[in-house]
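Novice: Okay, handing you the structure first.
The values are calculated or read from the model by the stated rules, or taken from the named source; none is laboratory data. What you see is a predicted model; the values in this text were computed from it and never measured. Cβ placement follows ideal geometry from the backbone for every residue including glycine, while neighbour counts extend to all protein chains displayed. When the accessible area is computed, the model is the full protein with side chains, heavy atoms only, and any ligands, DNA or RNA have been set aside. Shrake-Rupley method; radii C 1.70, N 1.55, O 1.52, S 1.80 Å.
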Amino acid sequence: MLTNEENDLLCRVVGPAPMGQLMRRHWTPVCLIEEVSEPDGTPIRARLFGEDLVVFRDTEGRVGVMDEYCPHRRVSLVFGRNEDCGLRCLYHGWKMDVSGNVLEMVSEPAASGMASKVKHLAYPTKEWGGFVWAYMGPSDTQPEFQPPAWAPTADTRVTIAKTIIPCNWAQILEGAIDSAHSSSLHSSDMVPARVDSAKATDGMWLRPSTDKAPRLQVERGAYGFRYAAIRRPISNAAANDYVRATVFVAPATALIPPNNLYNVANINVPMDDTNTAFYFMAWGHPSQTPDTASWRKFLGQTVGVDLDETYVPLRNRRNNFWQDRAAMKAGNFTGITGFPNQDIAMWVTMGPIADRTHERLGASDVAVVEFRKQMLEAVRAFQGGAPAIGTGSASIPSAICSFQAIVPKTIDWRVFPSKYVWDDTNAPALEPSYSTSPA
């Protein structure tokens with residue numbers, strides 16, 4: 001367990017909070033590309049690290065991520081006119097481009113020259129892997145954008161479900177890297193079966209193990225860590241182990257063990273201390289990775305069915321997450337449809353920020369303990385002047401990926417030849433070319 005002071009240091013991200021400042025040294029997803037797909041379309045709101053933003057695509061197709069509030073009288077630009085390569089405030093007609101330059105001040109005399117003296121806060125942006133990204137740290141520390149491990153090339157299909165969750169980012173991340181819980185919480189969706197490896201069907205994921213108490217082993221890296229949850233396989237348990245290796249990529253990404261068709265990952269973007277944009281991704285070869293509608297339906301994360309138009313779940317604590325007790329009596333373990341919804345029920349009921357001072361951790365919590373230890377060490381080092389964890393030469397190597405496999409007991413999982421799932425052995429190159437739009 002942690003002290004209150006350690007818990008705050010780990011969790012809080014708003015304003016000068018050290019963890020938020022560390023995270024700002026990474027490129028961060030702001031929204032889905034599909035949310036701002038139309039040039040001169042409707043601007044949208046976003047919120048990161050306690051900061052309110054407006055996102056829009058201009059006439060030429062460039063994406064802007066700016067302070068939501070007009071530099072003049074601080075009214076919301078979300079209601080503004082998106083036209084002629086700029087966003088125009090409705091109040092007095094000030095117009096800003098995607099870089100924050102004030103193009104027009106129709107309420108001011110032209111001779112004043114005031115427009116050239118005002119610069120609105122805008123962030124550098126990049127579109128990649130289905131997301132609009134922004135760099136929100138100091139300009140003198142801005143790194144070159146590097147494709148994330150779950151979208152290594154432009155031709156990788158990335159299918160995303162987005163959900164806004166009313167709790168802190170860290171308890172969501174801990175859930176994503178906690179392999180032990182899946183054998184209980186998700187047991188009706190990740191079903192033990194006599195298969196040679198994890199398999200994906202239209203309605204569930206099959207696993208070759210009934211073992212609910214895995215042995216956990218961790219291997220730390222400069223980028224984060226990877227760890228193995230080692231279970232007894234259903235077949236030939238005397239000679240083999242069933243290994244599920246998860247990767248934590250600091251500060252807030254999990255590469256989750258794949259199935260036979262596609263890879264899985266999630267990234268947790270802090271909106272503020274007590275709200276998180278949770279993104280759950282299937283990724284891989286276009287022929288094997290599900291399309292967006294199918295993925296969201298499978299997860300129970302469809303807008304208009306499971307979520308409102310702002311990606312807020314219709315299942316919540318007040319309606320018991322639509323838990324079906326009759327289904328539980330009939331054999332369903334949780335009575336909650338969609339395994340992310342099962343997770344969300346657990347995360348939300350921990351409270352807006354989990355109180356880790358009252359926990360009683362066990363052997364199955366090795367990865368959770370390692371996450372807390374590593375990130376607390378990292379944020380303290382950052383406070384002392386060290387680079388943010390996972391940046392520069394400490395970024396994740398392209399050879400690191402999650403995997404699951406039945407492995408002979410004579411082979412250490414740390415040296416097992418892992419690779420991400422593709423349609424064949426000819427995976428795409430891992431060094432794509434790309435460009436970044438400056439603010």
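Novice: Just one of Leu87, Leu77, Leu53 is within 30 Å of Ala250 (Cα to Cα) and either open to solvent by less than 10 Å² (accessible area, probe 1.4 Å) or modelled with pLDDT under 95 (or both); which is it?
Specialist: Testing whether each residue is within 30 Å of Ala250 (Cα to Cα) and either open to solvent by less than 10 Å² (accessible area, probe 1.4 Å) or modelled with pLDDT under 95 (or both) leaves just Leu53.
Novice: Quick one: which of Thr289, Thr253 is among the β-branched types (Val, Ile, Thr), open to solvent by less than 10 Å² (accessible area, probe 1.4 Å) and within 19 Å of the chain's Cα centre (by Cα)?
Specialist: Exactly one residue qualifies, and that residue is Thr289.
Novice: I'd like the full set of residues that are under 16 Å from Asp189 (Cα atoms) and not in a helix (DSSP H, G or I), limited to the stretch 309-348.
Specialist: Gln323, Asp324, Ala330, Gly331, Asn332, Phe333, Thr334, Gly335, Ile336, Thr337, Gly338
Novice: Answer yes or no: is there a residue in the stretch 14-35 that is at positive phi, modelled with pLDDT of 95 or more and open to solvent by 30 Å² or more (accessible area, probe 1.4 Å). Spell out the reasoning first.
Specialist: Step one: filter the stretch 14-35 for residues at positive phi, giving 15.
Subsequent filtering for residues that are modelled with pLDDT of 95 or more retains 15.
From what's left, open to solvent by 30 Å² or more (accessible area, probe 1.4 Å): 15.
Within the stretch 14-35, one or more residues are at positive phi, modelled with pLDDT of 95 or more and open to solvent by 30 Å² or more (accessible area, probe 1.4 Å).
Novice: While we're looking at this one, here's another question. Which of (1) more than 30 Å from His285 (Cβ to Cβ); (2) open to solvent by less than 50 Å² (accessible area, probe 1.4 Å); (3) at pLDDT 95 or above; (4) in a loop (DSSP other than H, G, I, E, B) does Ala439 not meet, given it meets every other one?
Specialist: If we test Ala439 against (1) more than 30 Å from His285 (Cβ to Cβ); (2) open to solvent by less than 50 Å² (accessible area, probe 1.4 Å); (3) at pLDDT 95 or above; (4) in a loop (DSSP other than H, G, I, E, B), just (3) comes out false.
Novice: Something else about it: Within the stretch 223-250, how many residues are on the phi > 0 side of the Ramachandran plot and surrounded by fewer than 24 Cβ atoms within 10 Å (Cβ to Cβ)?
Specialist: The number of residues fulfilling the criteria is 1.
Novice: Right, another one. Regarding the stretch 415-429, can at least one residue be identified that is at pLDDT 95 or above, surrounded by 17 or more Cβ atoms within 10 Å (Cβ to Cβ) and either assigned to a helix (DSSP H, G or I) or not aliphatic (A, V, I, L, M) (or both)?
Specialist: no
Novice: Counting only residues that are of a type in the set (D, E, K, R), give me the strands (runs of 3 or more DSSP E) lying completely in the stretch 204-275 with at least 2 of them. Full working, then the answer.
Specialist: Numbers: elements: 205-207, 215-221, 224-231, 240-249, 253-256, 263-272.
Ranges flagged: 215-221, 224-231, 240-249.
Novice: Taking the residues in the stretch 89-105 that are in a strand (DSSP E or B) and without any contact (Cβ under 8 Å) to a residue 24 or more places away in the chain as candidates, determine which candidate is nearest to the chain's Cα centre (by Cα).
Specialist: So the residue we want is Asn101.
Residue by residue, here is whether (1) modelled with pLDDT of 95 or more; (2) touching a strand residue (DSSP E or B) at 6+ places or on another chain (Cβ under 8 Å); (3) closer than 24 Å to Pro29 by Cβ holds:
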| position | (1), (2), (3) |
| --- | --- |
| Glu83 | yes, no, no |
| Trp133 | yes, yes, yes |
| Gly137 | yes, no, yes |
| Lys162 | yes, yes, yes |
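Novice: Restricting the stretch 41-63 to residues that are assigned to a loop (DSSP other than H, G, I, E, B) and either free of Cβ contacts under 8 Å to residues at least 40 places away in the same chain or touching a Leu at 6+ places or on another chain (Cβ under 7 Å) (or both), which is nearest to Ala122 (Cα to Cα)? Quick ask: steps written out before the conclusion?
Specialist: Keep residues of the stretch 41-63 that are assigned to a loop (DSSP other than H, G, I, E, B), which gives 41-43, 49-50, 58-62.
Restricting the remaining residues to those that are either free of Cβ contacts under 8 Å to residues at least 40 places away in the same chain or touching a Leu at 6+ places or on another chain (Cβ under 7 Å) (or both) gives 43, 59-61.
On the way: Pro43: 14, Thr59: 17, Glu60: 17, Gly61: 16 Å.
Here the answer is Pro43.
Novice: Do any residues in the stretch 183-208 that are among the hydroxyl-bearing types (Ser, Thr, Tyr) have Cβ atoms under 7 Å from those of residues that are open to solvent by 40 Å² or more (accessible area, probe 1.4 Å), where the two are at least six apart or on different chains, and which pairs are they?
Specialist: Pairs that qualify, where the first residue is among the hydroxyl-bearing types (Ser, Thr, Tyr) and the partner is open to solvent by 40 Å² or more (accessible area, probe 1.4 Å), are Ser183/Lys212; Ser184/Lys212; Ser187/Phe333; Ser188/Asn332; Ser188/Phe333; Ser197/Asn260; Ser197/Ile406.
Novice: So Gly338 ticks every box in (1) closer than 22 Å to Val158 by Cα; (2) surrounded by fewer than 17 Cβ atoms within 10 Å (Cβ to Cβ); (3) modelled with pLDDT under 95 but one. Which box is left unticked?
Specialist: (2)
Novice: I would also like to ask the following. Just name the residue that is nearest to Ile344 (Cα to Cα) out of those in the stretch 370-391 that are of a type in the set (A, V, I, L, M) and crowded, with 16+ Cβ neighbours inside 10 Å.
Specialist: My answer is Met375.
Novice: Okay, next question. Which one of these does Phe371 not meet: (1) modelled with pLDDT of 95 or more; (2) within 22 Å of Pro257 (Cα to Cα); (3) not in a helix (DSSP H, G or I)?
Specialist: Unmet condition: (3).
Novice: Which condition breaks for Arg356 when tested against (1) surrounded by fewer than 20 Cβ atoms within 10 Å (Cβ to Cβ); (2) under 29 Å from Gly137 (Cβ atoms); (3) more than 19 Å from the chain's Cα centre (by Cα)?
Specialist: (1)
Novice: Right, another one. Can you find a residue in the stretch 295-308 that is surrounded by 20 or more Cβ atoms within 10 Å (Cβ to Cβ) and without any contact (Cβ under 8 Å) to a residue 24 or more places away in the chain?
Specialist: Checked the stretch 295-308: no residue is surrounded by 20 or more Cβ atoms within 10 Å (Cβ to Cβ) and without any contact (Cβ under 8 Å) to a residue 24 or more places away in the chain.
Novice: Restricting the stretch 64-74 to residues that are touching a residue at least 12 places away in the same chain (Cβ under 8 Å) and closer than 21 Å to Glu108 by Cα, which is most open to solvent (accessible area, probe 1.4 Å)? First the steps, then the outcome.
Specialist: Narrowing the stretch 64-74 to residues touching a residue at least 12 places away in the same chain (Cβ under 8 Å): 64-73.
Going one step further and asking which of them are closer than 21 Å to Glu108 by Cα, we end up with 69-73.
Values: Tyr69: 67, Cys70: 2, Pro71: 42, His72: 56, Arg73: 134 Å².
Top of the filtered list is Arg73.
Novice: Are any residues in the stretch 392-401 surrounded by fewer than 16 Cβ atoms within 10 Å (Cβ to Cβ) and either touching an Asp or Glu at 6+ places or on another chain (Cβ under 9 Å) or not in a helix (DSSP H, G or I) (or both), and if so, which ones?
Specialist: Matches in the stretch 392-401: Pro397, Ser398, Ala399.
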